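Here's the structure, in structure tokens; my notes come after.
The values are calculated or read from the model by the stated rules, or taken from the named source; none is laboratory data. No experiment lies behind these values; they were computed from the predicted model shown. Note that we place each Cβ from the backbone using ideal geometry, even for glycine, and neighbour counts take in every protein chain shown. Surface accessibility is based on the protein's heavy atoms, side chains included, excluding ligands, DNA and RNA. Shrake-Rupley method; radii C 1.70, N 1.55, O 1.52, S 1.80 Å.
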Amino acid sequence: MGHVDHGKTTLLDTLRSASVAKGEAGGITQHIGAFSVPVPVSGQSKQESRTITFLDTPGHAAFSAMRARGASVTDIVVLVVAADDGIMPQTKEVIELIKKDDGKVGVVVAINKVDKPEADVELVQHALLAEGIQLEAFGGDVPSVEVSGLTGLGLDTLVETLSAMAEIQDLRGERDGQVHGYVLESRVQKGLGPVATVLIVRGCLTPGAHLLAGTAAGKVRLMNDSTGAAVKSAYPGMAVSVSGWKDLPNAGDEVLQGPEADVKKALAVRIRKAEIESTLVDAQAINMHRMEERARKTDEENHVEPKQEEQTAKELRLVIKGDVSGSVEAIVGALEGTGNKKACVKIVSTGVGDVLESDVMMAKAAEGMIVAFSVNTPRSVETSAAQNHVPLYSSKIIYRIMDEVRDRVTALLPCTI
Ligand code: GDP
């Protein structure tokens, strides 16, 4: 975690490609929200293999969802601070999070970009100390490692430090019993249907296991790691992409294993509950809409001039679609809060997968627009959107989407010229 542009992505990419290079050749890496790095085991103990799993879910949406449920799947946080930039607002946010956690989560500081001539490691260390991070260099217990994600300098030391911390904290997972885990990411994949990356916290996951996650259930068909290699059994700490779901689970959903009959029963209960909740929400939305319409009509009939100061905010209502749940949540995070008191964004619905006719209907009902990130829109749906006067904006670049939405919100503002 760390401030934007401090080099998290670069660091992860370098760690990932180094681990792929070291591992068996031939694998096609795919983004599944996590990857593992082999750790050299010190000492002369028996050939015990050990790995560290890095979670790299975009926007860390799964983490916020899991945190909201009080679940913590990270054992150690790597706080990335650029040596040429120092402590920035998001660095402080992470430090606050770490402090709130009361020492339950381990912390390692990665002072990044040390290859840059303007890097000032000591300045960063002092600033961290001032923020209450007790660095080892000053007699505390938080290790810091100087790294460069760009050149790969210090990455071995970072992995060794993480491994040593895991050993000291005696981080272990229970391999027996029913599987317990969390969904890091989910998507629909051609030929496989719904696929979810599951981080195993307890138990051993094998094909054939019956799983429940949110309101999705399934029987594990295939499991793969981030190099694309097939996995026969997944143990605590491992993250594997799992196919065999009947529906698409959401990022952050808790994953539970059970006998087929129990999973079915629990699923039925959850679906009924979700249906009741969504009916309530729909009914509320429809009522609100009707009331607004009625008020507008009465105003028109009475020729009431809308009073500037009493007007409520104009809303740009959005139906958001994206390729994976992580990206959807990242877009929601980026767009939420756009605008001000007079005009703002309201997210009506979100979903994973291609733009569908139902999305057009939803946007039409809400008098909003569709925002699509890295997904396809079938020609027939495009036509329907045009016929229904539903604007549809599609892009593979999140910043373009942000710009488009900002422009449209600005256009809603009352003209001041
Ligand atoms: P993120 O927003 O934290 O994921 O940051 P990125 O990984 O996207 O990096 C932001 C910018 O900093 C990019 O232009 C990177 O090439 C650059 N960068 C990242 N790590 C290093 C580093 O170790 N050294 C140097 N010189 N540049 C880096």
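Here are the numbers for this structure:
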{"quantity": "Nitroxide proxy distance, nm - points 7 Å out along Cα→Cβ at Thr279 and Ala266", "calculated": "2.5"}
{"quantity": "Cα-based reach from Lys116 at 15 Å (exclusive), listing aspartates and glutamates while leaving out same-chain residues under 8 positions away", "calculated": "Asp5, Asp84, Asp85, Glu146"}
{"quantity": "Estimated FRET transfer efficiency when R0 is 30 angstrom, pair Val188-Lys100 (beta carbons, to 0.05)", "calculated": "0.25"}
{"quantity": "Positive-pole candidate from Met238, Gly33, Val360, dipole of the chain, charges at beta carbon", "calculated": "Val360"}
{"quantity": "Stokes-Einstein D for the range 146-268, Kirkwood Rh over Cα pairs, 37 °C, 0.692 mPa s (µm²/s)", "calculated": "211"}
{"quantity": "Ala343 long-range amide H proximity, modeled H, under 5 Å", "calculated": "Lys314"}
{"quantity": "Lys, Arg +1 and Asp, Glu -1 on Cβ, resulting dipole of the chain about Cα centre, debye, nearest 20", "calculated": "1420"}
{"quantity": "All-pairs Cα distance distribution in the range 215-364, expressed in whole percent, bin size 5 Å", "calculated": "2, 7, 10, 14, 16, 14, 11, 8, 6, 4, 3, 2, 2, 1, 0"}
{"quantity": "Partners for Lys341 among lysines (Cα-Cα distance below 28 Å; same-chain residues under 8 apart left out)", "calculated": "Lys92, Lys297, Lys307, Lys314, Lys321, Lys364"}
{"quantity": "Point-to-point label distance, Arg50-Cys344, nm (Cα→Cβ direction, 7 Å offset)", "calculated": "4.9"}
{"quantity": "Within the range 130-158: backbone nitrogen closer than 16 Å to the Leu123 label point (7 Å, Cα to C-beta)", "calculated": "130"}
{"quantity": "Tilt relative to the chain, helix 398-412 - C-alpha long axis, 0 to 90 degrees, to 10", "calculated": "30"}
{"quantity": "The range 276-417: Rg to Rh, with Rh as the Kirkwood radius over Cα pairs", "calculated": "0.99"}
{"quantity": "Pairwise Cα inverse-distance average, inverted: Kirkwood Rh of the range 145-205 (Å)", "calculated": "14.8"}
{"quantity": "Ranked by how many other beta carbons lie within 10 Å on average, peptides 200-212, 132-144 from highest", "calculated": "200-212, 132-144"}
{"quantity": "Sulfur and carbon atoms: percent of accessible area, the chain [1.4 Å]", "calculated": "52"}
{"quantity": "Between 0 and 90°, nearest 10: helix 8-22 axis offset from the chain longest Cα axis", "calculated": "50"}
{"quantity": "Over the chain: helical MRE at 222 nm, DSSP H runs n ≥ 4 each giving -39500 (n - 2.57), nearest 500", "calculated": "-11500 deg cm²/dmol"}
{"quantity": "Accessible area of the chain divided out per residue, in Å², using a probe of 1.4 angstrom", "calculated": "56"}
{"quantity": "Crossing angle, helix 357-366 versus the chain [Cα axis fit, 0-90 degrees, rounded to tens]", "calculated": "60"}
{"quantity": "Signed unit charges on C-beta, dipole axis of the chain, positive-most listed residue Ile320, Gln125, Gln90", "calculated": "Ile320"}
{"quantity": "Surface/4 estimate of mean projected area, convex hull on alpha-carbon atoms of the range 73-178, nm²", "calculated": "7.8"}
{"quantity": "Sequence-distant residues sharing a close amide H with Val147 (under 5 Å, placed H)", "calculated": "Ile111, Asn112, Lys113, Val114"}
{"quantity": "Cα-centre dipole for the range 358-406 with unit charges at Cβ (Lys and Arg positive, Asp and Glu negative), debye to 20", "calculated": "100"}
{"quantity": "Ratio of Rg to Rh over the chain (Cα coordinates, Kirkwood Rh, two decimals)", "calculated": "1.02"}
